[in-house]
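Encoded as structure tokens, the structure appears first; notes follow it.
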Amino acid sequence: IAETGDSWFNCQKLRLPEGCGYEFQMQYGSIGWSVGATLGYAQAVPEKRVLAFIGDGSFQVTAQDVSTMLRGGQKSIIFLINNGGYTIEVEIHDGPYNVIKNWNYTALVEAIHNDEGKCWTMKV
């Protein structure tokens, strides 16, 4: 799953194995859809692993869905692209409202994890 914006543009270059799906939502260009989409896809196909590429701004819109993923024991992997703002929005119309607070994402996941399910975080 590729989030709207930078993630979508960069994921188009991925070389995926045969039978691997690739989903993105560009109809309305709504940021934040991919966290819920990851939750839904992983629920629908529990035998598969769902990978999601999500920008930090988009993630902050619907981050609480990660709690449901963990509680449900989903095996999703989220690659969080942290570039400090709504980068795709800057390209359309720049302004101070496109700069977001940089969360401690590792601590956030640990807080919502609360020893439910398996969780692993890595900051690169």
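Every read-out reported here was derived from the displayed coordinates using simple, explicitly stated rules and does not represent laboratory data. Since the structure is predicted, the reported quantities are computational estimates derived from the model, not experimental observations. Neighbour counts are summed over all protein chains in view; Cβ atoms, including those assigned to glycine, are modelled from backbone coordinates with ideal geometry.
Please enumerate, by chain and number, the lysines with C-alpha under 20 Å from the C-alpha of residue 48, excluding those fewer than 8 residues away in the same chain.
75, 118
Going by C-beta contacts inside 10 Å, put 108, 80 in order with the fewest on the left.
By the 10 Å Cβ count, ascending, the order reads 108, 80.
Specify the longest stretch of the chain that does not include any exposed loop site, a site being one of the chymotrypsin sites (Phe, Trp or Tyr not before Pro) with a non-H, G, I, E, B DSSP assignment and at most 11 other Cβ atoms within 10 Å.
Values: sites that count: 22, 28, 120.
Within the chain, the longest run free of exposed chymotrypsin sites (Phe, Trp or Tyr not before Pro) spans 29-119.
Do the sum for the chain: with -39,500 (n - 2.57) for every DSSP H run of n ≥ 4, divided by all residues, what is the mean residue ellipticity at 222 nm, to the nearest 500 deg cm²/dmol?
Calculated mean residue ellipticity at 222 nm is -10000 deg cm²/dmol.
Are there GluC sites (Glu not before Pro) in the range 5-106 that DSSP puts in a loop and that have at most 14 other Cβ atoms within 10 Å, and which ones?
Counting only loop positions with at most 14 other Cβ atoms within 10 Å, the GluC sites (Glu not before Pro) in the range 5-106 are 18, 23, 47.
Report relative contact order for the chain in percent, whole number only (criteria: Cα-Cα under 8 Å, sequence separation at least 6). List each step's numbers first, then the result.
On the way: 176 pairs, mean separation 29.8, N = 124.
The normalised contact order for the chain reaches 24 percent.
Could you list 7, 76 in order of exposure, starting from the residue whose Cβ has the fewest other Cβ atoms within 10 Å?
76, 7
To make sure I understand, if each residue's beta carbon is the centre and we count other beta carbons within 10 Å, what order do 119, 11, 20 fall in, fewest to most?
20, 119, 11
In the Gaussian network model of the chain, springs joining C-alpha atoms below 10 Å, which of 37, 107, 63 carries the largest mean-square fluctuation?
Among 37, 107, 63, the largest GNM mean-square fluctuation belongs to 107.
Taking the chain as a Gaussian network, where each spring joins two C-alpha atoms under 10 Å apart, which residue of 40, 72, 19 fluctuates the most?
Of the options given, 19 has the highest mean-square fluctuation.
What FRET efficiency do you get for residue 94 and residue 12 if R0 is 35 Å and r is their Cβ-Cβ distance, rounded to the nearest 0.05?
Values: r = 24 Å, r/R0 = 0.69.
Computed FRET efficiency for residue 94 and residue 12 comes out at 0.90.
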